[in-house]
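Visitor: The structure's right below; bear with me while I get my questions together.
The values are calculated or read from the model by the stated rules, or taken from the named source; none is laboratory data. Every value quoted in this text rests on a predicted model; they were computed, and no experiment measured them. We place every Cβ from the backbone using ideal geometry, glycine too, and count neighbours over all the protein chains shown.
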Amino acid sequence: MATLLLVSGPNLNLLGDREPEIYGTTTLEQLVAAAREAATTAGYDLEHVQSNIEGDLIDAVHTARKRCSAIIINPGAFTHYSYAIADALGAFEGPIVELHLSNTHRRERWRHTSVVSPIATGVIMGFGGAGYPIAVQAAVAMVNAGKR
């Protein structure tokens, strides 16, 4: 079975408690379960890595090379400044879906820039928890179409 990698960046482990007016009350575990269900329905396996440490996320992306069909990544605050994560994603051969719970363009100005977006195949943002299964569907569609 082909594998999708879901990468969750810093502070996403606090979902459900952290700023529920922005991020909702759904926990990361619940979001991963919804993504996993969507992946299983599409005939894919889903692995998940969450870390507050940039190097751990880079290692997860490196490990996905030649092993995973696509990467879905919510880089959290690393979205805005981690060129190291962007470089690691640039070395990945398959589709990359950048994912955000909130619409970062409707938030603080510093959140408007993503160093990941230029590397990503596509971006899904602003749909809250519904974005997780949507991201899986998008990644699967890109894999099936042979797109990067």
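Visitor: Do we have any residue at all in region 78-88 that's outside any helix (DSSP H, G or I), in contact (Cβ under 8 Å) with a residue 24 or more places away in the chain and not β-branched (V, I, T)? First the steps, then the outcome.
Guide: Narrowing region 78-88 to residues outside any helix (DSSP H, G or I): 81-82.
Within this subset, residues satisfying the condition of being in contact (Cβ under 8 Å) with a residue 24 or more places away in the chain are 81-82.
Narrowing further to those that are not β-branched (V, I, T): 81-82.
Scanning region 78-88 turns up at least one residue that is outside any helix (DSSP H, G or I), in contact (Cβ under 8 Å) with a residue 24 or more places away in the chain and not β-branched (V, I, T).
Visitor: Which of (1) surrounded by 17 or more Cβ atoms within 10 Å (Cβ to Cβ); (2) hydroxyl-bearing (S, T, Y); (3) farther than 18 Å from I134 by Cα; (4) at pLDDT below 95 does Y23 not meet, given it meets every other one?
Guide: Evaluating Y23 over (1) surrounded by 17 or more Cβ atoms within 10 Å (Cβ to Cβ); (2) hydroxyl-bearing (S, T, Y); (3) farther than 18 Å from I134 by Cα; (4) at pLDDT below 95 leaves (3) as the failure.
Visitor: While we're here: Identify all residues within region 33-46 that are surrounded by fewer than 18 Cβ atoms within 10 Å (Cβ to Cβ) and either without any contact (Cβ under 8 Å) to a residue 40 or more places away in the chain or more than 14 Å from I134 (Cβ to Cβ) (or both); write none if there are none.
Guide: A33, T40, T41, G43, D45
Visitor: If you go through region 83-106, how many residues are touching a helix residue (DSSP H, G or I) at 6+ places or on another chain (Cβ under 8 Å) and more than 23 Å from V32 (Cα to Cα)? Step through it out loud before you land on a result.
Guide: First pass over region 83-106, keeping only residues touching a helix residue (DSSP H, G or I) at 6+ places or on another chain (Cβ under 8 Å): 84-85, 88-89, 91-92, 94-102, 104-105.
Next, from what is left, pick out any that are more than 23 Å from V32 (Cα to Cα): 84, 91, 105.
So the count comes out to 3.
Visitor: Give me a count of the residues in region 124-140 that are more than 13 Å from P95 (Cα to Cα) and of a type outside the set (G, A, S). Reasoning before the result, please.
Guide: Taking region 124-140 and keeping what is more than 13 Å from P95 (Cα to Cα), we get 124-134.
Adding the requirement that they be of a type outside the set (G, A, S) leaves 124-125, 127, 132-134.
Result for region 124-140: 6.
Visitor: Out of region 89-115, which residues are without any contact (Cβ under 8 Å) to a residue 24 or more places away in the chain and part of a helix (DSSP H, G or I)?
Guide: H105, R106, R109, H112
Visitor: Can you pull out the residues in region 52-68 that are more than 12 Å from A88 (Cβ to Cβ) and surrounded by 18 or more Cβ atoms within 10 Å (Cβ to Cβ)? Outline the logic, then answer.
Guide: The initial filter retains those residues of region 52-68 that are more than 12 Å from A88 (Cβ to Cβ), namely 52-53, 66-68.
Result: C68, single match.
Visitor: If you don't mind, another one. Of all residues in region 116-148, count the ones that are more than 18 Å from T40 (Cβ to Cβ), in a helix (DSSP H, G or I) and in contact with a helix residue (DSSP H, G or I) (Cβ under 6 Å, 6 or more places away or on another chain).
Guide: Number satisfying all stated conditions: 0.
Visitor: Among G94, G9, which is closer than 17 Å to A138 by Cα, of a type outside the set (S, T, N, Q), at pLDDT 95 or above and crowded, with 18+ Cβ neighbours inside 10 Å?
Guide: Just one listed residue meets the conditions, G94.
Visitor: For region 105-130, which residues satisfy the criterion of being polar (S, T, N, Q) and touching a Gly at 6+ places or on another chain (Cβ under 8 Å)?
Guide: none
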